[in-house]
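For reference, the structure is listed below as structure tokens.
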Amino acid sequence: MMSRPRQQALLGIAGIGAALALVGLLGTAGGVVGVALMALATILTTPVAPRPGAPGINWWMLLAGGTALAMVGVVLGLALEGPGGLITAVGGGLVIVGVAFGMP
């Protein structure tokens with residue numbers, strides 16, 4: 001079982017990654033770093049993910065789905081800036097919602 005402070009720190013890292021990808025202040029490099037942070041946090045929080053069918057909102061599925069969308073969006077943004085940015089924004093938003101529901 002993961003400790004509460006560790007889970008909070010990992011979710012905070014996911015939130016920072018989503019912010020980096022959403023803001024776009026650092027361009028493509030910031031998006032890539034943001035997606036990497038989201039992916040790292042998603043992988044490391046897997047042990048505390050709610051079981052399928054558990055009552056309540058499955059915050060980890062929001063985190064994983066948002067991370068996957070952001071990955072696609074950042075890559076797509078290299079060729080098509082508009083659609084890539086939109087998909088990245090939706091993915092980053094899902095990650096932020098997942099972080100909010102996953103905080104213990």
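The values are calculated or read from the model by the stated rules, or taken from the named source; none is laboratory data. All of these numbers come straight from a predicted model, not from anything done at the bench. Cβ atoms come from the backbone with ideal geometry, glycine included; neighbour counts cover every protein chain shown.
Results, tabulated for the structure shown:
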| read-out | value |
| --- | --- |
| Of the criteria (1) in contact with a helix residue (DSSP H, G or I) (Cβ under 9 Å, 6 or more places away or on another chain); (2) without any contact (Cβ under 8 Å) to a residue 12 or more places away in the chain, which one G53 fails | (1) |
| Selection within segment 69-90 - in contact with a Ser or Thr (Cβ under 7 Å, 6 or more places away or on another chain) and of a type outside the set (A, V, I, L, M) | G73, G77 |
| Criterion: surrounded by 14 or more Cβ atoms within 10 Å (Cβ to Cβ) and either within 19 Å of M103 (Cα to Cα) or at pLDDT below 95 (or both) - qualifying residue of A68, A19, A54, A79 | A19 |
| Test: residue in segment 23-34 that is on the phi > 0 side of the Ramachandran plot and either in contact (Cβ under 8 Å) with a residue 12 or more places away in the chain or among the aliphatic types (A, V, I, L, M) (or both) | yes |
